[in-house]
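Data first, discussion second: the structure below is written as structure tokens.
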Amino acid sequence: MGEFKVHRVRFFNYIPSGIRCVAYNNQSNRLAVSRTDGTVEIYNLSANYFQEKFFPGHESRATEALCWAKGQRLFSAGLNGEIIEYDLQALNIKYAVDAFGGPIWSMAVSPHGSQLLVGCEDGSVKLFQITPDKIQFERNFDRQKSRILSLCWHPSGTHVAAGSIDYISVFDVKSGSAVHKMLVDRQYMGVSKRKCIIWGVAFLSDGTVISVDSAGKVQFWDSATGTLVKNHLIANADVQSIAVSDQEDSFVVGTAEGTVFHFQLVSVTSNSSEKQWVRTKPFQHHTHDVRAVAHSPTALISGGTDTHLVIRPLMEKVEVKNYDAALRKITFPHRRLISCSKKRQLLLFQFTHHLELWRLGSTVATGKNGDTLPLSRNADHLLHLKTKGPENIICSCISPCGSWIAYSTTSRFFLYRLNYEHDNISLQRVSKMPAFLRSALQILFSEDSTKLFVASNQGSLHVIRLLEGSFKHLHTFQPQSGTVESMCLLAVSPDGNWLASSGTSAGVHVYNIKHLKLHCTVPSYNFPVTALAIAPNTNNLVIAHSDQQVFEYSIPDKQYTEWSRTIQKQGFHYLWLQRDTPITHISFHPKRPMHILLHDAYMFCIIDKSLPLPNDKTLLYNPLPPTKESDVIRRRTAHAFKISKIYKPLLFMDLLDERTLVAVERPLDDIIAQLPPPIKKKKFGT
Amino acid sequence: MAALEEGFTLSAVPLGAGPHGLLGVEQSDKADQFLVTDGGRTVILYKVSDQKPLGSWSVKQGQIITCPAVCNFQTGEYIVVHDNKVLRIWSNEDVNLDKVFKATLSAEIYRIHSIQGAEPLVLFKEGAVRGLEALLAEPQQKIETVISDEEVIKWTKIFMVFKHPVLIFITEKHGNYFAYIQKFNSHTLSKYTLVLGQEEKSVIQSFTASVDRKFISLMSLSSDGCIYETLVPIHPSDPEKDQRVVRSLLLKTVVSDDARNGVALTVLDQDHVAVLGPPLPSSKECISIWNTKFQTLQTSKELSQGTSGQLWYYGENLFVLHGKFLMVIPYKCEVSSLAGALGKLKHSQDPGTQTVPHFVNWETSRGHRLGSQNSEQSKRILRRRKTEVNVQNPASKQLLSAIKKDSEKHIEEELCKFLAIKPTPDFNTIIGDIVSELLGRHKAEPSFYPRNSLMQLIQTHVLSHSLCPGLMEAALEKADVQVLQLCLQQFPDIPETVTCACLKIFLSISDGSLQEAEINMESVSDYSDSVQEEKMEEQTEVLHNGFNAEEENCGNCDRELNKKPQDAAEETMSCPVIPKRAALLNAILHSAYSEMFLLPHLKDIPAQHVTLFLQYLYFLYLKCSENATMTLPGLHPPTLNQIMDWICLLLDANFTVVVMIPEAKSLLLSLYKFVKSQICICSELNKIEVSFRELQKLNQEKNNRELYSIEVLEL
């Protein structure tokens, strides 16, 4: 399939934020994850753990608690003292309510989903009524002495356990008074620590309260008598999180040493009805603090400072040995943070609060496969563009010609014009953005850099013509009547005639830019779209879904192409379907119309549509056959999927020109090196 | 006018799940906080004004609390009995009752009484009473049987009369009731038979009592619904004889006479009683306040959800188990009297809080001793607070007087007696007094030097130099190395001058006088076997810390030194001092000092002694370097750091002198060699460090290069 010069880029200094909370929604099988930078992400566990939505963070909005309420409503609360509800359709914040209790440390939704409790810095526990479109403050519980760090409802909704510093209170919901105050032993291995922080509590239906604390203990309390029943010392450091399964037969705790312990309710003897909690399995998938855990019916979910989201399936609960049974470690966002200007060989990196523009180096040398070529010019860091204000960047894009940069935060849209004079760059902000251009979920420039497409969070798509230093609003495609779903992915055809857009669930819409009207809608598919691209010349739309299916749809013909039908009929190779990261970018070779280039975090693939498709018996990842083999064998073993796993974790890969690729890697070691040092554990001796 | 205020529920948790309702509500050492003992396994501490629980504890499954938890007002700890015989004592900080102090007694307990101003008293089912301290000192002691065979204790209460606890308990046997009064100041137990009067058949259902100066007014609520009063004298005229007391009707039919259970009575003040029970047949249960003086019903409150027939009254609050919840009903009685209305009323003092007469009360002091406050100290660590009365110990008094005139022998005997008594909190001040007394006499008559007594006193571990500054002075004067060694070992605060003076004596005292002294040799191990190891020794000397000092780059001095290595080795390897002196010097090495203050005094030591001490230190150092851990053998030997510090100190102080002495020359040279070798090692290490850093840098550069590259890929 040819030889490429690959610009292997490792200077994208991206550090994912640590995970602060996770909340699992059993109804929709979705997982909400909040990070230390305030970002909230939503993973669809049914759709192959795809990160289908995200809400950008805000500097002042440190999220401390996250929970799902009745139906599909997501709430978060944080140290700025506000309770926030997210609009999962429009992908923005519905409203924020100040609880007036200082920073909020904990939040819990009642078992019936109609009430919301928050625990505040000032020791108050506040009850809110969840109304269909807002939340309404109802009353305060008895004020406690110190901050409420954890809350849990009794499954019947009559009582609430609240973890504070040095004690756990049990509240009667009706009266709001503290029924019990259970003091926690501060002693830690014989040494009296200054304070014992109750990081988490869980309330079981039989009245048992389980607490985890900073002294490394997991304790079981009898809430009827308010006394300690059982004590497990499991760590030398804090135990920071706890989550109980719905059946209350198992729970999971996470420690600051990075260990996750699984506790199960097992029979004392093989055939007795008496059961007791036993620590069954320790898992060490993290290097740092496990700040949050969740318990789905089939898996333990954990996340923490080391930024990985780990989904560990419980083998005894998994029925079929498919890829749900495999351990998942999600480190990188499932969206693109990098855009590329092919003409000027520029890369634009998107960080939380700034953008970086780099120019790739060059070489004049040639070599054979695997060679590292001497550089005639190294890569240059051209620009460091810091955002104004506390909001995180949602999306960014550099135009193919390299002379425009656009990015957006939650409330502002920025467009810059770049001027190149020899080695100097000047940056000029395009002022007076129209009022409708406030917040964008996705930005795309046309191939000739004359048009800008912006997907706003109201479901509308704006088309803007770019002139030298100014712009003109051409058209706005309004969403289909009745839907408010936001568009997250955009693709434009190289000839500039077609624009494809996709939301999180509904199908892909194709617009005709020339006539400014909707051309067609690709039939919707069960799994969300992870990447979109329109091929040059043929105008075939290639769509990748989170279940690893790839479709090719002919826009002019308004139907799936023959090749797409063939591969759907035959099915993808099982190893292809078992990959656990979604395809995040698709591109095409300008001179080879039969080739599709796509990549996920661990592989890069060129699909040659002219070659036969592999079946389950053929080797999917076949290395380069030895050159001495005859052409016959070569041809026989060759199939459509040419996969390279050299570059990983691969965040971005694109074709710069016919013979040049750019690959942006982010080695995990570089991320770990920039994290705070983990708690030292002795490996040898005592 | 007496009134009941609006009650409130104390707990939202159902209590009294057991068949007997609550076991009890007791006061804790803080006002407004009460210990509620549930019938099952739980004790909860409530703060009434906040209506919230402060803590709760429970015994293990299978154990059952048999007696209400009480607070020991002297220590602030809580005491509970489970399974009749097992005492548990804990404090607020404890979390788990399983892990707290436990004592298993030999007899079954009926109740523990705790009252402000006295130690808790334990009443056994057989009628015996013990102080808690005495019981804990010997938990398995035999408990005598006081009451007869089929007698059963029905009710009990404690009072403070003239600052002494008085305990009353009522027993029943075949429908006859007996009252026992136990007084603790005189340890008398008097028994009275309660004569029921005309209502012979009625069963007494509830008791309450109040105390006057001379009488305990015992009120009983009988099954006929009437309240009777019996006056039981506190001080019986003839304690030996079985006496009879008659009861008289106080109030008639306060509760319905068919109320079988759920009736209770408690006395509120002089004229008021609270009665719990249905006032009429088939009516709901009520709590009512009766004025006994005027026989009137003052107020009443219906408790519709039923009660457990238990009533407690503390301070201003009535506690009653209403339904499943503990209810608190505040009770107020505004004093209203004709005299008050006329403005002529003077508040008489409450008999319970009678001020103590100022004359000597023999009963008091006897009571103190028997009450085991001073003499019988329990050694449990759990005791955190001690409310001690500082009473001069008679033994110490006797001893102090003996010191003034008696012979050393006699003083020793007295001292032994005194030390045999368990220590009191002011023990160290008493010891200090004794020592200064002894030294005072020594000063007055120099021939008096009670060495054995002093040594005994030093070994009590409570003395310090600041407590008896004259002691070491006297010992120095007497050149008593044994006492000095003890002092150096025991005292934490010896001034540097004294340390130095000790050192001088230790170095100068003749071997002959040392042989006589009894010196603690535990810091000196047997060095004699070092002769056999001499060959090996030689090698270790050269290979300090694995570095060969003989290498060329170490300079010319080495060669000079190594001219007669054999001689040097032999010279250094035998201990330069006799073991006894070594033990004394080790005591110096162990003592604490500050360099600043010690240096000037070290200058005063004669040169040959400095050399001797240096030789000894060098010997110790060589011994240290024999093994890998760089420690000396033996129990409590000087550490390497102490040895090195003292070498430096001595050299710093006396360098000019030592340099001039020919005997010290070889020693100095070997020390020099040693230092030189150490410097070489350090410089080598530094060199290695630099190369390591270079390696690390190279490694980093390699990584940097990989941040960007252009590679060729063939697919």
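Look at the alpha carbon pairs under 8 Å that are at least 6 residues apart: their mean separation over the length of segment B:408-494 gives a relative contact order of 30 percent. Less than 5 angstrom separates the built amide H of A:T409 from those of A:I394, A:F414, A:A440, all sequence-distant by 5 or more or on a different chain.
Among the listed pairs A:K275/A:K317; B:K30/B:K284; A:K609/A:K645; B:K580/B:K603, give every one whose C-alpha distance is greater than 26 Å. B:K30/B:K284, as the Cα separations exceed 26 Å there. A 1.4 Å probe run over the protein chains yields, for segment B:408-494, 45 Å² of accessible area per residue, whole-number rounding. Summed over both chains, the accessible area lost when B and A associate is about 3300 Å², using a 1.4 Å probe. Our summary gives segment A:437-579 a relative contact order of 13 percent, counting only alpha carbon pairs under 8 angstrom and 6 or more residues apart.
For B:L10, the residues whose amide H sits under 5 Å from its own are B:L326, B:M327, B:V328, ignoring neighbours fewer than 5 places away on the same chain, with H placed 1.01 Å from N. The charge dipole of segment B:408-494, taken about the Cα centre with unit charges on the Cβ atoms of Lys, Arg (+1) and Asp, Glu (-1), comes to about 140 debye, rounded to the nearest 20.
Would you rank A:S250, B:S148, A:S376 by solvent-accessible area, highest first, keeping every protein chain in place and using a 1.4 Å probe? Walk me through the intermediate numbers first.
Values: A:S250 0, B:S148 45, A:S376 75 Å².
Most to least solvent-accessible, the answer reads A:S376, B:S148, A:S250.
The peptide list B:64-71, A:53-60, put in order of mean Cβ contacts within 10 Å with the highest first, becomes B:64-71, A:53-60. For segment A:37-105, a simple Cβ point-charge model (Lys and Arg +1, Asp and Glu -1, everything else neutral) yields a dipole of about 240 debye relative to the Cα centre. Couplings 3J(HN,Hα) for segment B:637-650, derived from phi with the Karplus relation 6.51 cos²θ - 1.76 cosθ + 1.60 (θ = phi - 60°), are x, x, 8, 4, 4, 4, 4, 4, 4, 6, 4, 4, 4, 5 Hz, where x marks Gly and Pro.
Applied to segment A:176-185, the Karplus parametrisation 6.51 cos²θ - 1.76 cosθ + 1.60 on θ = phi - 60° returns per-residue 3J(HN,Hα) values of x, 9, 7, 8, 9, 10, 9, 7, 9, 5 Hz, with x for Gly and Pro.
Give me the residues in segment A:338-369 whose solvent-accessible area, probe 1.4 Å, is reduced by at least 40 Å² once all protein chains are included instead of the chain isolated. For segment A:338-369, once contacts with the other chains are taken into account, A:N369 lose 40 Å² or more. For chain A, averaging the sequence separation of C-alpha pairs within contact (under 8 Å, six or more residues apart) and dividing by the residue count gives a relative contact order of 8 percent.
Taking amide H as placed 1.01 Å from N in the peptide plane, A:S164 has its amide H under 5 Å from the amide H of A:L149, A:S169, A:I198, each at least 5 places away in sequence or on another chain.
Name the residue farthest towards the positive end of the dipole of the protein assembly as shown from the options B:T639, B:N72, A:S223, assuming +1 on Cβ of Lys and Arg, -1 on Cβ of Asp and Glu, about the Cα centre. After comparing all options, I get A:S223.
Per residue of A:5-11, how many C-beta atoms from partner chains lie within 10 Å of its own C-beta, taken as a mean?
Working: counts 4, 5, 4, 7, 4, 6, 4.
Whole-number average of other-chain Cβ neighbours for A:5-11 is 5.
Heavy-atom surface analysis with a 1.4 Å probe gives segment B:408-494 a carbon and sulfur content of 53 percent of its accessible area. From most to least packed by mean Cβ count within 10 Å, the peptides A:554-563, B:322-331 give B:322-331, A:554-563.
Please average, across the residues of A:575-584, the number of beta carbons from any other chain that are within 10 Å of each residue's own beta carbon, and give a whole number.
Working: counts 0, 0, 0, 0, 0, 0, 0, 0, 0, 0.
So the per-residue partner count for this stretch is 0.
Between segment A:435-453 and segment B:650-715, how far is it from one alpha carbon centroid to the other, in angstrom? Using only Cα atoms, the two centres lie 62 Å from each other.
Among A:195-207, A:515-527, what's the highest-first ranking by average C-beta atoms within 10 angstrom per residue?
For the peptides A:195-207, A:515-527, the packing ranking is A:195-207, A:515-527.
Between segment A:19-57 and segment A:550-591, the alpha-carbon centres lie 27 Å apart. Give the carbon-plus-sulfur fraction of the accessible surface of chain A in %, rounded to a whole number; probe 1.4 Å, heavy atoms of protein chains only. Carbon-and-sulfur percentage of accessible area, whole number: 51. Here the Karplus relation 6.51 cos²θ - 1.76 cosθ + 1.60, evaluated at θ = phi - 60°, turns the backbone of segment A:371-384 into coupling constants of 6, 9, 8, x, 8, 8, 8, 7, 6, 10, 8, 8, 8, 10 Hz, with x for every Gly and Pro. Per-residue mean of foreign Cβ neighbours for B:94-105 is 2 (Cβ atoms of other chains, 10 Å radius). Suppose only helical runs count, i.e. DSSP H with n ≥ 4. What mean residue ellipticity at 222 nm does that imply for chain A under -39500 (n - 2.57) per run, divided by all residues and rounded to the nearest 500 deg cm²/dmol? Mean residue ellipticity at 222 nm (helix-derived): -1000 deg cm²/dmol. For segment A:303-373, a crude dipole built from +1 on the beta carbon of Lys and Arg and -1 on the beta carbon of Asp and Glu, taken about the Cα centre, is about 380 debye to the nearest 20. Relative to 2.2 N^0.38 Å, what does the C-alpha radius of gyration of segment B:408-494 come to as a ratio? Two decimals please. So segment B:408-494 has a normalised radius of gyration of 1.01. The reciprocal of the average 1/r between distinct C-alpha atoms defines the Kirkwood hydrodynamic radius, which for chain A equals 27.1 Å. The alpha carbon radius of gyration of the protein assembly as shown, expressed as a multiple of 2.2 N^0.38 Å, is 1.30.
The values are calculated or read from the model by the stated rules, or taken from the named source; none is laboratory data. Predicted model, so just to flag it, every value in this text is computed and none were measured. Cβ: placed from backbone, ideal geometry, glycine included. Neighbour counts: every protein chain shown. Protein only, heavy atoms only, side chains kept; ligands, DNA and RNA dropped before computing areas. Shrake-Rupley method; radii C 1.70, N 1.55, O 1.52, S 1.80 Å.
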